[in-house]
Amino acid sequence: MSEEFIKEFTYHIAWRSRSRRPGRHKSNQRGMGMEFRGHTTLLSYPDPRRIDIRQTIRDPMEQVHVRIFNQKSVTPVFVICDMSGSMQYGSTRKKIEIAADISQSVAQSVTHNRDLVGFIGFDDVLREDWLCTLSARPHTLIEMAENLRNYEPAEVGSHGIVDTVRLLPRERSLIFMVSDFHMPISDLEESLVLMQRHHIVPVVLWDTSEYADLPEFGITSVTDPETGAKRTLFLRKEYRERILRGFVERRKLIEDLFLRYDMQPFFVENSFDADLLSEYFHQYVAA
């Protein structure tokens, strides 16, 4: 997808960045920002442009005082993308294609916000062939996401999510965790525990044909995309309702788990809308 057609969203962080690199987020680093922090002596902070005449006159010790300000800084942003077998599913578009849309939107939005962006792919293991190190330039990630559109996930699981934390920096980062989360809850919870220092936005990719568009009655074949196991089902009203209840319960299980760690999930069904992600940040992430 050409960069001019990539839809961006607006986002912000709810903490002070510790990066020394200038950016657009509040930080605790001294610099040329507009957020007043206090006073100190010229000897401690030798910047004569910041001399405060009034504070200097008031000092009985006759020391020269300067104003100090906090600069605005960058923050690291990552896309952690599920590349397991279930991501090949989709009625009109595969989930992996929608994950590519989201990755490109993140890359473009983050770069225009002067932040750094990286990408980590995983299935049952960390995918070293699908890694993009932190960069201020979006082109590498945009190109990688374009290749992701044509990727055909193997019939494997997603245990590698537990190991993704090893590739994240110690500095608090904004993480877009993109998956359908059809994985063992124990693996998901273990990864969340390991990533607690970071701010995670769980992006949940579901397709309504998985549950809402099932026939009322008849024989249908289903395949578990993560194992390749095939089953033939005779759908009756009761069985169909049981499948629907299963998805409702699964959704609640996922929501409850994320909310337990103070993470509001962002559900994407069938297609990605960047404007809804902007609204998510305005609603759930304190500025």
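Observations
- So residue 136, is it over 23 Å from residue 9 (Cβ atoms), modelled with pLDDT under 90 and surrounded by fewer than 18 Cβ atoms within 10 Å (Cβ to Cβ): no
- Of all residues in the range 39-82, those that are more than 30 Å from residue 122 (Cα to Cα) and either within 39 Å of the chain's Cα centre (by Cα) or not aliphatic (A, V, I, L, M) (or both) total 26.
- Test: residue in the range 210-219 that is assigned by TED's automatic domain parsing to the domain that holds residue 116, at pLDDT below 90 and within 22 Å of residue 159 (Cβ to Cβ): yes
- Among the residues of the range 253-273, those identified as surrounded by fewer than 18 Cβ atoms within 10 Å (Cβ to Cβ) and either more than 19 Å from residue 198 (Cα to Cα) or polar (S, T, N, Q) (or both) are 253, 264, 267, 269, 270, 271, 273.
- Residue match in the range 100-114 (condition: in a helix (DSSP H, G or I), within 14 Å of the chain's Cα centre (by Cα), of a type in the set (Asp, Glu) and crowded, with 18+ Cβ neighbours inside 10 Å): yes
- Residue count for the range 139-150, restricted to those that are surrounded by 18 or more Cβ atoms within 10 Å (Cβ to Cβ) and either more than 16 Å from the chain's Cα centre (by Cα) or in contact (Cβ under 8 Å) with a residue 60 or more places away in the chain (or both): 4
- Residues that are crowded, with 16+ Cβ neighbours inside 10 Å and at pLDDT 80 or above within the range 8-46 comprise 8, 9, 11, 13, listed in sequence order.
- From the list 84, 73, the one residue that fits, being under 18 Å from residue 206 (Cβ atoms) and touching a Gly at 6+ places or on another chain (Cβ under 9 Å), is 84.
- Residue list for the range 45-76, restricted to those being of a type in the set (Val, Ile, Thr), in a loop (DSSP other than H, G, I, E, B) and more than 30 Å from residue 134 (Cα to Cα): 64
The values are calculated or read from the model by the stated rules, or taken from the named source; none is laboratory data. Source: prediction; values computed, not measured. Cβ atoms come from the backbone with ideal geometry, glycine included; neighbour counts cover every protein chain shown.
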